[in-house]
Structure formats: C-alpha cells, structure tokens
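**Q** Pasting a structure below so you can have a look.
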Amino acid sequence: MDTIEIIQGDSKNVIVFVEEGAELIETLWFTCSELGIKKQLSKIDDTHYMVNFTKQETREYKACITTYDITTDIDDDQRYTSKRDKILKILKKGNPVDD
C-alpha cells in the first residue's frame with residue numbers, strides 16, 4: 001500500500017514495513033514538499049514503523065493529490081530514499097463535525 005489517503009480533519013496512522021537492513025536504521029522520515037510535511041516515523045518493532053497524522057494537522061492540509069517520500073538514515077551517516085514519489089491524497093471533508 002503505497003498510496004495514502006487522508007481526509008481533512010481526520011487522524012491517520014500509516015505503517016511502513018522495512019524488509020532489509022532494519023537493524024541498521026537510525027531514523028525514517030516521511031516528507032511531502034508541497035504540504036510542508038517532514039515527520040519522523042516511530043519504531044513499532046524491528047521491521048515496522050509508524051507515522052501519525054493528527055486531526056489538527058490534517059485539518060490544515062489543502063485538498064490535493066501530491067507525492068511523498070520515505071527516507072532512511074543509516075547508523076553510519078548514510079541516507080537513502082526507500083520510497084520515492086508515492087501518491088498522497090488529501091480528501092476534502094464534505095460533512096465536518098465541529099469540535
């Protein structure tokens with residue numbers, strides 16, 4: 001599942017699976033330049049990481065179809081892009097619940 005859909009004003013947890021070299025990972029980053037997003041993923045276990053989007057954050061995102069990357073920092077100061085230009089859809093909330 002590389003395409004991510006988020007509805008404006010909703011919370012969303014996205015799980016990323018790491019197949020190889022998981023023991024070497026120092027940090028994973030989720031980035032989307034168009035929306036100004038740079039978020040560090042949290043480690044769940046040796047092969048799974050999670051990025052969390054809060055309702056407060058997604059409320060501010062404009063409705064659009066854009067792209068995101070997952071970038072990996074390795075222990076010895078190496079960095080590589082593990083997912084590049086994957087689809088991120090921010091969907092307009094049609095019937096919002098006022099908080």
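The values are calculated or read from the model by the stated rules, or taken from the named source; none is laboratory data. If you're wondering where the values come from, they're calculated on a predicted model, not measured in any experiment. Quick reminder, even Gly has a Cβ in these numbers, built from the backbone with ideal geometry, and neighbours come from all protein chains shown.
**Q** Would you check if S33 is over 15 Å from K86 (Cβ atoms) and of a type in the set (S, T, Y)?
**A** Here the answer is no, as S33 does not meet what is asked.
**Q** Quick check on my filter: what residues within segment 21-49 are surrounded by 14 or more Cβ atoms within 10 Å (Cβ to Cβ) and closer than 29 Å to P96 by Cα?
**A** Across segment 21-49, the qualifying residues are F30, T31, C32, E34, L35, I37, K39, L41.
**Q** Tell me the strands (runs of 3 or more DSSP E) entirely within segment 12-99 that contain at least 2 residues that are touching a Cys at 6+ places or on another chain (Cβ under 7 Å), under 17 Å from D2 (Cβ atoms) and aliphatic (A, V, I, L, M). Before you say what the answer is, go through the steps one by one.
**A** Values: elements: 12-17, 25-32, 37-40, 48-53, 64-74, 78-91.
Output list reads 78-91.
**Q** When you look at K62, is it at pLDDT 95 or above, among the basic types (K, R) and within 13 Å of the chain's Cα centre (by Cα), yes or no? Break it down into steps so the answer makes sense when it comes.
**A** Values: at pLDDT 95 or above: yes; among the basic types (K, R): yes; within 13 Å of the chain's Cα centre (by Cα): no.
No; evaluated as a whole, the condition is false for this residue.
**Q** A follow-up question, please. Among the numbered conditions (1) within 12 Å of the chain's Cα centre (by Cα); (2) at pLDDT below 95; (3) buried (at least 17 other Cβ atoms within 10 Å of the Cβ), tell me where V18 comes up short.
**A** Among (1) within 12 Å of the chain's Cα centre (by Cα); (2) at pLDDT below 95; (3) buried (at least 17 other Cβ atoms within 10 Å of the Cβ), V18 violates only (1).
**Q** Follow-up question, since we're still on this one. Name the residues in segment 22-42 that are without any contact (Cβ under 8 Å) to a residue 12 or more places away in the chain and in contact with a strand residue (DSSP E or B) (Cβ under 7 Å, 6 or more places away or on another chain), would you? I'd like the intermediate steps shown before the answer.
**A** Filtering segment 22-42 for residues without any contact (Cβ under 8 Å) to a residue 12 or more places away in the chain gives 33, 36, 38, 42.
K38, S42 - these are the residues of segment 22-42 that are without any contact (Cβ under 8 Å) to a residue 12 or more places away in the chain and in contact with a strand residue (DSSP E or B) (Cβ under 7 Å, 6 or more places away or on another chain).
For every residue, the table says whether it meets (1) modelled with pLDDT under 95; (2) over 14 Å from I90 (Cα atoms).
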position: Q8; (1), (2): no, no
position: L24; (1), (2): yes, yes
position: I37; (1), (2): no, no
position: I44; (1), (2): yes, yes
position: T47; (1), (2): yes, yes
position: V51; (1), (2): no, yes
